[in-house]
1. Between a residue in the range 113-134 that is under 24 Å from residue 31 (Cβ atoms) and in contact (Cβ under 8 Å) with a residue 60 or more places away in the chain and any residue that is within 16 Å of ligand 2 (Cβ to nearest atom) and part of a loop (DSSP other than H, G, I, E, B), which pairs come within a Cβ distance under 7 Å, given they are 6 or more apart or on different chains?
2. Among the residues of the range 103-125, count how many are farther than 20 Å from residue 38 by Cα and either buried (at least 16 other Cβ atoms within 10 Å of the Cβ) or in contact with a helix residue (DSSP H, G or I) (Cβ under 7 Å, 6 or more places away or on another chain) (or both).
3. If I filter the range 25-39 for residues that are surrounded by 18 or more Cβ atoms within 10 Å (Cβ to Cβ), within 20 Å of residue 119 (Cβ to Cβ) and touching a residue at least 60 places away in the same chain (Cβ under 8 Å), do I get at least one hit?
4. Using beta carbons and a limit of 6 Å, which pairs, at least six apart or on different chains, have the first residue in the range 81-110 and under 12 Å from residue 53 (Cβ atoms) and modelled with pLDDT of 95 or more and the second one near ligand 1 (Cβ under 7 Å from one of its atoms) and in a helix (DSSP H, G or I)?
5. Looking at 64, 90, 60 in this structure, which one is crowded, with 20+ Cβ neighbours inside 10 Å and within 22 Å of residue 9 (Cα to Cα)?
6. In the range 42-69, how many residues are within 15 Å of ligand 2 (Cβ to nearest atom) and either over 22 Å from residue 96 (Cβ atoms) or in a loop (DSSP other than H, G, I, E, B) (or both)?
7. If I filter the range 83-110 down to residues being in contact with a strand residue (DSSP E or B) (Cβ under 8 Å, 6 or more places away or on another chain) and part of a loop (DSSP other than H, G, I, E, B), which single residue comes out as farthest from ligand 2 (Cβ to nearest atom)?
8. Restricting the range 70-82 to residues that are within 9 Å of ligand 1 (Cβ to nearest atom) and in a loop (DSSP other than H, G, I, E, B), which is surrounded by the most Cβ atoms within 10 Å (Cβ to Cβ)?
Ligand SMILES: Nc1ncnc2c1ncn2[C@@H]1O[C@H](COP(=O)(O)OP(=O)(O)OP(=O)(O)O)[C@@H](O)[C@H]1O
Ligand SMILES: [Mg+2]
């Protein structure tokens with residue numbers, strides 16, 4: 001059976017790979033189709049990478065959620081890094097402070113049904129996504 005929740009550390013790129021594998025395994029176990037599995041894995045990969053490279057590491061929490069019979073996978077990324085001073089700017093396609101493509105946050109939002117970001121400068125960042133099963 002799918003356990004209700006699992007917390008995974010994100011400290012290295014190996015951990016990011018493990019997060020990807022666990023998200024895939026959970027999505028399969030929960031009965032998500034291949035397209036949804038890939039959306040979840042891609043979004044999770046971007047957010048885990050951000051937590052590692054900008055947040056100085058953190059955690060990914062995987063949870064099976066149920067909204068009135070609708071089943072979903074929620075993944076919450078949390079770090080205690082520097083935080084994001086301007087979330088609106090950070091969400092823009094192409095905005096990067098790390099020499100990336102600046103597509104991680106906006107891409108993760110597009111690939112999810114629900115997307116929530118909370119960040120406080122000097123405290124850290126929490127990003128939560130949900131994808132609902134059709
Ligand atoms: N967890 C975080 N902590 C602090 N800053 C963050 C965090 N996640 C994102 N950011 C900031 O938001 C910017 C945009 O993030 P986004 O993932 O969209 O692009 P990127 O990581 O720069 O490039 P890409 O993900 O396309 O390789 C980052 O460059 C960084 O400044
Ligand atoms: Mg990124």
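1. Qualifying pairs under 7 Å: 129/112; 130/112; 131/112.
2. Here the count works out to 4.
3. no
4. 104/46; 104/50
5. Working: 64 fails: crowded, with 20+ Cβ neighbours inside 10 Å; 90 fails: within 22 Å of residue 9 (Cα to Cα).
Testing whether each residue is crowded, with 20+ Cβ neighbours inside 10 Å and within 22 Å of residue 9 (Cα to Cα) leaves just 60.
6. Of all residues in the range 42-69, those within 15 Å of ligand 2 (Cβ to nearest atom) come to 42-58, 60.
Retained after the next criterion (residues that are either over 22 Å from residue 96 (Cβ atoms) or in a loop (DSSP other than H, G, I, E, B) (or both)): 54-57.
So the answer is 4.
7. Only one residue tops the list, namely 83.
8. Only one residue fits best here, namely 81.
The values are calculated or read from the model by the stated rules, or taken from the named source; none is laboratory data. The model shown is predicted, which means the values in this text are computed figures rather than measured ones. Glycine gets a Cβ as well: all are built from the backbone with ideal geometry, and neighbour counts include every protein chain shown.
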